[in-house]
Amino acid sequence: MKPDNKIPVLDRISGQMREVLEFQASLPQAVCAADDYAAMRQAYNDERRYWNEGGPQMLRTEEVAVPTAWGHVLTRIYAPQAQPGATLFYVHGGGFILGNLDTHDRIMRLLAHFSGCTVVGIDYSLSPQARFPQAIEEIVAVCQFYRRHGERYGLNGERIGLAGDSAGAMLALAAALWIRDRKIDCGTVCGLLLWYGLYGLQDSASRRLYGGSWDGLTQRDLASYDAAYLRHADDRDSPYYCLFNNDLTRDVPPCFIAGAEFDPLLDDSLALSQTLLAHGQPCQYTLYPGVLHAFLHYSRQMNIAGAALRDGAHYFLQQINR
């Protein structure tokens with residue numbers, strides 16, 4: 001699409017979203033080569049540090065290295081109370097190449113606080129050092145581990161959910177389908193909380209109309225994330241990458257699907273929700289107005305970020321209390 005034909009996103013975002021962008025622009029901007037992943041990760045970690053300050057205090061936090069076929073995967077347990085009703089496994093976003101437990105710490109604390117459930121963050125291996133489907137297999141292995149050893153760590157391993165933002169939302173849904181399709185015992189997956197994920201569309205109206213330097217989601221950016229994550233071109237058709245190639249007509253856990261109004265990935269969320277609803281699979285789709293991709297990070301300055309986390313937490317509570 002000719003750039004002049006794109007939606008003027010920055011003229012339409014909310015006042016709080018604009019304040020976040022202005023604050024970000026006032027900070028020193030790291031310049032990293034496109035293939036310097038170590039520098040990109042360090043810059044991302046530094047930029048996210050401010051946004052993770054001041055999250056709710058937990059009754060207990062604990063880090064556990066979980067053994068998997070790929071080596072140990074670090075997890076972090078956020079326990080808001082002594083006897084949680086369920087366990088939520090959180091899979092962070094970052095385009096498969098960025099992010100860790102610290103960059104999403106406040107999100108996980110808020111989710112634990114709003115839900116009253118124990119949240120377990122999963123520090124899966126990043127691409128391109130680890131490529132599809134390694135991250136999915138690691139996430140499933142973590143769920144299996146806590147199914148077997150949950151009592152040791154004060155977790156409810158019988159009723160679980162998976163949650164994630166952006167690439168983490170894709171990985172959470174892919175892991176749930178992997179568990180279903182392979183009949184793996186990870187307890188009962190009561191629900192999925194999916195904030196502005198990508199689920200396999202290669203082209204869409206939202207991808208054409210939105211995305212720019214402000215969110216790192218131009219067509220070129222999206223292609224570079226895919227190139228780092230996938231082993232080869234055929235992986236794009238895998239039912240665990242293009243999730244629309246999986247069977248979404250049966251036994252999909254109830255899904256809370258959140259879209260951001262000016263997100264180039266918005267149509268992925270719309271297509272997922274419409275597919276599930278058309279086939280009688282339980283889901284709730286909520287569009288958050290005036291915001292960009294990744295708005296969940298900005299709860300220190302944006303009320304709507306906390307509201308979106310609260311909405312997902314309440315949806316999950318409805319599922320475990322049915």
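Rule-based calculations on the coordinates, nothing more; no lab input. Bear in mind the structure is a predicted one, so any value in this text is a computation, not a measurement. Ideal geometry is used to build each Cβ from the backbone, glycine not excepted, and the neighbour counts take in all protein chains shown.
Normalised by the number of residues in segment 1-120, what is the relative contact order in percent for Cα pairs under 8 Å and 6+ residues apart? List each step's numbers first, then the result.
Details: 133 pairs, mean separation 31.1, N = 120.
So the answer I get is 26 percent.
Give me Rg/Rg_expected for segment 23-87, where Rg uses Cα atoms only and Rg_expected = 2.2 N^0.38 Å with N residues.
1.59
Please report the base-10 log of the normalised intensity I(q)/I(0) for the chain, using a Debye sum with one equal scatterer per alpha carbon and no solvent, at each q in 0.09, 0.13, 0.14, 0.16 (1/Å).
With no solvent term, the Cα-only Debye profile gives -0.41, -0.92, -1.09, -1.49.
So for the chain, averaging the separation of alpha carbon pairs under 8 Å that are six or more residues apart and normalising by length, what relative contact order in percent results? If you can, show how the numbers build up before the last one.
Working: 626 pairs, mean separation 59.9, N = 322.
RCO, the chain: 19 percent.
Taking the chain as the reference, fit the longest principal axis to its C-alpha atoms, fit the long axis of helix 134-149 to the helix C-alpha atoms, and give the angle between the two in degrees, 0 to 90, nearest 10.
30
Over what distance in Å are the Cα centres of segment 23-47 and segment 130-185 separated?
When both Cα centres are located, 30 Å separates them.
Between Leu74 and His232, how many nm apart are label points set 7 Å from Cα along the C-beta direction?
Going by the 7 Å Cα→Cβ label model, 3.4 nm.
Calculate the length of the line joining the C-alpha centroid of segment 81-125 to that of segment 260-286, in whole Å.
Spelled out, the Cα-based centre of one part sits 22 Å from the other.
Given the rule -39500 (n - 2.57) for each run of at least 4 DSSP H residues, summed and divided by the residues of the chain, what is its mean residue ellipticity at 222 nm, to the nearest 500 deg cm²/dmol?
-11000 deg cm²/dmol
Magnitude of the Cβ-charge dipole of segment 68-165, K/R +1 and D/E -1, about the Cα centre, nearest 20 debye?
Values: 8 positive and 8 negative charges, 31 e Å.
Rounded to the nearest 20 debye, it is 140 debye.
Based on the Cβ-Cβ distance from Ile7 to Gln202, what FRET efficiency comes out when R0 is 30 Å, to the nearest 0.05?
Approximately 0.90, to the nearest 0.05.
GNM on the chain, C-alpha springs below 10 Å: top fluctuator among Asp268, Asp311, Asp36?
Asp36
Would you mind telling me which residue in Asp123, Asp221, Asp247 has the biggest mean-square fluctuation in a Gaussian network model of the chain, where springs connect alpha carbons within a distance under 10 angstrom?
Asp247
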